[in-house]
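Student: Quick one: structure below, then a few questions.
The values are calculated or read from the model by the stated rules, or taken from the named source; none is laboratory data. Remember, predicted model here, so these are calculated numbers, not experimental data. Ideal geometry is used to build each Cβ from the backbone, glycine not excepted, and the neighbour counts take in all protein chains shown.
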Amino acid sequence: MRSVVLATYQGEPFVGEQLDSILSQLAPEDEVVVSDDASTDGTLDVVAQRRDSRIRVLAHEKRVGYVANFQRAIEASLGDSIFFSDQDDVWMPNKVTFMDAALRNHGCVASPFLNGAEHATSLACPFTLNPPS
């Protein structure tokens, strides 16, 4: 199972296209954990319009900031692997397939966009979320 953690704040203009680009790549058992940092625009309405059972929303009444908002989403995630996504990221087709392949060989990967082409880079990971058995 994969988790995608998404921290939102005033993301109404972006979050719909972003969620569509992510959900189209996920399996039925995967999840998207949306942690909203007390948005006052229509961010949560746009998320709800997706009507997708893979989305779990953590709606918060008080602002906690970017880092703590992501932390809440991470703590609520259930997946064996966790993908991070900023609220205005639109995922390239096949990103999940590409990243899964990279994760099989590395503990952590990152996917910067370089000249429109996606490349995974392995990182030195100082931690392991789920140590191998």
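Student: Here are some residues: Ile55, Ile82. Which one is under 27 Å from Arg104 (Cα atoms), modelled with pLDDT under 95 and in contact with a strand residue (DSSP E or B) (Cβ under 7 Å, 6 or more places away or on another chain)?
Tutor: Only one candidate qualifies: Ile82.
Student: While we're here: Residues Gln10, Gln25: which one is within 13 Å of the chain's Cα centre (by Cα) and assigned to a loop (DSSP other than H, G, I, E, B)?
Tutor: Only one candidate passes the filter, namely Gln25.
Student: Tell me which residues, restricted to segment 19-30, are closer than 12 Å to Ile55 by Cβ and either buried (at least 19 other Cβ atoms within 10 Å of the Cβ) or of a type outside the set (D, E, K, R) (or both).
Tutor: Scanning segment 19-30 gives Leu19, Ile22, Leu23, Leu26, Asp30.
Student: Considering only residues of segment 85-133 that are of a type in the set (Phe, Trp, Tyr) and outside any strand (DSSP E or B), which is modelled with the lowest pLDDT?
Tutor: Phe127
Student: When you scan segment 45-67, how many residues do you find that are closer than 12 Å to Tyr9 by Cβ, of a type outside the set (D, E, K, R) and touching a residue at least 24 places away in the same chain (Cβ under 8 Å)?
Tutor: Of the residues in segment 45-67, 4 are closer than 12 Å to Tyr9 by Cβ, of a type outside the set (D, E, K, R) and touching a residue at least 24 places away in the same chain (Cβ under 8 Å).
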